[in-house]
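The values are calculated or read from the model by the stated rules, or taken from the named source; none is laboratory data. Just so it is clear, the structure is predicted and the values come from calculations on it, not from any experiment. Here Cβ is always computed from backbone atoms with ideal geometry, including for glycine, and neighbour counts include all displayed protein chains. Side chains are part of the model used for accessible areas, which takes the heavy atoms of the whole protein and leaves out ligands, DNA and RNA. Shrake-Rupley method; radii C 1.70, N 1.55, O 1.52, S 1.80 Å.
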Amino acid sequence: MTTALISHPDCYDHITPPGHPEQVARLDAVLNALDKMDLMRVSAPLAAEDDLLRAHPKAHLEALKAAAPEHGWRSLDADTHMSAGTLTAAHRAAGAVVRAVDMVIAGEADNAFAAVRPPGHHAERETAMGFCFFGSVAVAAKHALEFHGLERVAIVDFDVHHGNGTQDLVEDDPRILFCSTHQMPLYPGTGHAHETGVGNVLNVPLPDGAGSEVFRDVMERQVLPRVDAFAPQLLLISAGFDAHKDDPLAGLMLTEADFIWVTERLCDLADAHCGGRVVSALEGGYDLGALGASAAAHVTVLKERGA
């Protein structure tokens, strides 16, 4: 067994307006950085409607279908735009994370990374926002619970932006633990420490300019112990790399070494509680060089731990 890399060419067909940070070149940056790694390459399926409906109401799915343009772009808000290929790409992105869960639970792979776009962690129950359309990681968590019968799934989100969508989709379900580190103040303005769901949400806001020392400290003192105490049967990671010091959209100062460190620590917890079952999905990261290097650092750890 090994690390599965799950992606699909349809993810290139989500075309954003010129100058938009969530661009096609992001996927190239990630896949080119992983090109020479010995990974199990898997084609992402389209997400099944039943899986999406565990997280989003039918009205949300129908609204996105109605909004999809035949050509050009349709803007859902100032940041979030649809092209003719967006809806299929979003279905592939969610389907990739669900397929990853199926593979690690079935023992077909030790762990998995979904290299997909658009990202998902800002998509709320009935609102596409922040470049996101479906809450892919939340969809996969609910699939693990309802389809595979797991009882506890943890999600750790280290994207520089708070995963408001993931929180919205899981905060009422005590079977899912959601932990997020993120810069504050910053888009989308959520993720305060007092937002705790039904006791299953841990938000750790970080100040602008925070770097390795602060990030590792809050992980060691707050996030990792919380995951350890929860003893998940599956660990999902919302792997946004926009907390990197070179990223243009935020002000945290992490480096590839920090992404290596946090991936190792999360794998330690997965080894302790769930047989190493880790599924990671690409979220943000908008400096192409930093994105590629950070994704490669992250996946290298997954591959080493799965060997």
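Worth pointing out:
- When residues in the range 265-307 are screened for being surrounded by 23 or more Cβ atoms within 10 Å (Cβ to Cβ) and acidic (D, E), 1 of them pass.
- Hey, R216 over 23 Å from S7 (Cα atoms) and touching a Phe, Trp or Tyr at 6+ places or on another chain (Cβ under 8 Å) or not: yes
- Residue-level analysis places H161 outside the set of residues that are open to solvent by 50 Å² or more (accessible area, probe 1.4 Å) and either free of Cβ contacts under 8 Å to residues at least 40 places away in the same chain or touching a Phe, Trp or Tyr at 6+ places or on another chain (Cβ under 9 Å) (or both).
- Test: residue in the range 177-191 that is open to solvent by less than 40 Å² (accessible area, probe 1.4 Å) and of a type in the set (S, T, Y): yes
- For the range 248-264, a tally of residues being open to solvent by less than 10 Å² (accessible area, probe 1.4 Å) and of a type outside the set (V, I, T) returns 4.
- Residue match in the range 234-256 (condition: under 17 Å from the mean Cα position of the chain (by Cα), under 22 Å from V104 (Cβ atoms) and assigned to a loop (DSSP other than H, G, I, E, B)): yes
- Residues that are open to solvent by 40 Å² or more (accessible area, probe 1.4 Å) and charged (D, E, K, R), drawn from the range 192-216: D208, E213, R216
- Elements of type helices (runs of 4 or more DSSP H) contained in the range 1-106, each with 3 or more residues being in contact (Cβ under 8 Å) with a residue 24 or more places away in the chain, open to solvent by less than 60 Å² (accessible area, probe 1.4 Å) and at negative phi: 24-34, 58-67, 86-106
- When residues of the range 270-303 are limited to those that are touching a helix residue (DSSP H, G or I) at 6+ places or on another chain (Cβ under 6 Å) and in a strand (DSSP E or B), the one farthest from A250 (Cα to Cα): V278
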